[in-house]
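Below is one structure, written out as structure tokens; the observations come after it.
What follows is calculated from the coordinates using simple rules that are stated; it is not laboratory data. Not measured: the values here are computed from a predicted model. Don't worry about glycine lacking a Cβ; one is built from the backbone with ideal geometry, like all the others, and counts go over all protein chains shown.
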Ligand SMILES: [Zn+2]
Ligand SMILES: [Zn+2]
């Protein structure tokens, strides 16, 4: 272990108590995407306490602060601010309508803030060639369409997720590599899993089925039943599933959000909401077109009309490998995390079927990710809980800070290598052009 690594660990150990109470407070006071005002204010206060200049109000609640010099690449150390709607979670924030940290984003916030505390040490700050940008981003969880429409009408945002909004605002234009973390998203017994597993991309769908109202008993022959059109459309979706390739990891979810008006009137207006997901953009676009056709065709069959709309979701995240041995020597792992602590490499064959806006980032820059232990239960569920505060709220800070240091030490050789090996599918302008095709 070198002197700077020891210094990083010393700084974070000295803040251990503060980090644990910060994380516990965040856990109790989760807020929804683009409304994380209290969380962002507390984070800004923490950063200012360590002497950072903080830019606030980015994509409503995002913030960034940085350290280093212009002699090398810029590495964004990223944490997400938002919670998820899960009112049955025992720690749900009732004042915020049942938002909880059942996705563990409070642990990410700690990872960034602990790393910032380590880099506030002048010796650590001087050891890098390049910049570390501590970037706290809002709204990773999908913002429901109704709320997004309202926020857009109010002029606050134009895109569905925080990273997409910040990419559109140009706030990632000066970043060369992103460093992200999460609690484990795929099954793993490791304490740390290093590398970015593939995640699916997604679009959201609204289908308005328009029929004709009529007396349901006296004159059903005069009506056109929009609910029948919706039912046929859902059956068609069920039947086309057999044509999907396993490797495309397609998922389709549907929900009838409005099924008709009065029970004695032939339903004339029915709304179906859907979500399509796939592991690559070609498959995602293909399944999106099939979804629309299923409803347009079956509506035609009963004499109704289907009006379909596609809303931006997340882009698929490619697998980005990372070698733990290159990032952390075994001796450093032992010194940092204690004996018996396991660090493993993410397996390229394991797909994360969920979607995240980290996928959008990975479409334009390399994303080095690690996931960590310290929690139990399922993500987004009431049984999700932190069971090992050390592993959930302190260890990720050390990993973030050590990795940022390793990437940027010795003329930023590791960061430069990762950047030059990665060919992003989109330039930033191409990304902005692509996603503006969707609502
Ligand atoms: Zn989540
Ligand atoms: Zn999450």
Inset, instruction - Can you tell me the equivalent ellipsoid semi-axes for segment 335-413? Use √(5λ) from the Cα gyration tensor, largest first, whole Å. - result: 24, 21, 12
Legend entry - Mean Cα-pair separation over length for segment 202-314, i.e. relative contact order, pairs under 8 Å, 6 or more apart, %: 44
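Assign one of three labels to segment 1-61, namely rounded, prolate or oblate, based on the Cα gyration tensor with a ≥ b ≥ c the square roots of its eigenvalues; rounded applies when a/c is under 1.5, prolate when it is not and a/b is larger than b/c, and oblate otherwise. Show your work: numbers first, answer last.
On the way: a/c = 2.83, a/b = 1.74, b/c = 1.63.
Judged from the Cα gyration tensor, segment 1-61 comes out prolate (a/c at least 1.5, a/b above b/c).
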Inset, instruction - Using only Cα atoms, locate the centre of segment 250-286 and the centre of segment 179-217, then give the distance between them in Å, rounded to an integer. - result: 14
Legend entry - Inter-label distance, nm, simple model (7 Å from Cα along the C-beta direction), residue 146/residue 219: 3.3
Inset, instruction - List the relative contact order of segment 1-108 as a percent without decimals, with contacts defined as Cα pairs under 8 Å and 6+ residues apart. - result: 28
Inset, instruction - Mind pulling the angle between the C-alpha long axis of helix 395-421 and the longest principal axis of the chain? Nearest 10 degrees, somewhere in 0 to 90. - result: 90
Legend entry - Computed lengthening from residue 255 to residue 300, 0.36 nm per intervening residue step minus Cα-Cα distance: 14.2 nm
Legend entry - the chain - Rg and Dmax from Cα coordinates, angstrom: 23.6, 86
Inset, instruction - Compare the peptides 236-248, 166-178 by average per-residue count of other Cβ atoms within 10 angstrom and give them in order, highest first. - result: 166-178, 236-248
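Using the Kirkwood radius over Cα pairs, work out the Stokes-Einstein diffusion coefficient for segment 202-314 at 10 °C and 1.306 mPa s, in µm²/s as a whole number.
Values: Rh = 14.4 Å.
Reported coefficient: 110 µm²/s.
Highest mean first, how do 142-148, 254-260, 226-232 rank when packing is the count of other Cβ atoms within 10 Å averaged over residues? Walk me through the numbers on the way to the answer.
Details: 142-148: 17.7, 254-260: 15.3, 226-232: 23.7.
Highest-to-lowest ranking by the protection proxy: 226-232, 142-148, 254-260.
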